[in-house]
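What follows is calculated from the coordinates using simple rules that are stated; it is not laboratory data. Treat the numbers as computed from the prediction; the structure is a model and nothing was measured. Cβ sites come from the backbone with ideal geometry, for glycine too, and all protein chains shown count toward neighbours.
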Amino acid sequence: MSRLSSEYGMTKFLSPGLQEILLGYNWPGNIRELRNVINQLMIYSSTNQILVADLPDELLSCSAESSKKQDTRLTDGLTLKIAVQRFEKELIEEALGKYGKVSYAAKALGIDPTTLARKLKKTT
């Protein structure tokens with residue numbers, strides 16, 4: 001990103017949610033695929049913060065399928081309450097990464113912004 005930032009004369013950074021997705025992706029095309037995706041994100045993102053919503057659809061769908069498979073497995077000690085809390089936290093993080101503001105994320109999640117703020121305090 002630093003090389004591309006100097007090449008394009010712009011400074012951009014990845015949202016935490018996007019960083020998590022990129023780190024968890026398998027990258028079957030290796031470093032070339034990663035470079036191409038970062039290049040595409042730098043060019044097409046309209047803001048300085050590159051969000052999850054800026055990801056190409058194929059990457060987003062692969063990461064969603066991967067996380068669903070990992071989080072829905074029944075393991076020892078995983079109660080329904082813990083599983084629901086994890087899922088809620090992931091949805092909140094995804095909404096914040098995609099929409100950038102608490103008010104927009106809350107609207108997308110169908111909850112009040114104060115409820116979302118309370119849930120954020122609870123998960124950190």
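Note down the nm distance, to one decimal, between modelled labels 7 Å out along Cα→Cβ at residue 118 and at residue 26.
Taking the simple label geometry, residue 118 and residue 26 are separated by 4.2 nm.
Fully extended, how many nm does the chain gain between residue 10 and residue 34 (0.36 nm per residue separation, minus their Cα-Cα distance)?
Full extension from residue 10 to residue 34 adds 6.7 nm.
Take the cross-link list 12/121; 12/119; 12/122; 12/98 and give me the ones stretching past 25 Å between alpha-carbons.
12/121; 12/119; 12/122
Rounded, prolate or oblate: which fits the range 1-57, taking a ≥ b ≥ c as square roots of the Cα gyration tensor eigenvalues, rounded meaning a/c under 1.5, else prolate when a/b beats b/c?
oblate
Can you work out the Karplus-derived ³J(HN,Hα) for every residue in the range 46-55? Use 6.51 cos²θ - 1.76 cosθ + 1.60 with θ = phi - 60°, whole Hz, and x for glycine or proline.
With the stated coefficients, the range 46-55 comes to 8, 10, 6, 9, 7, 9, 4, 4, 7, 5 Hz.
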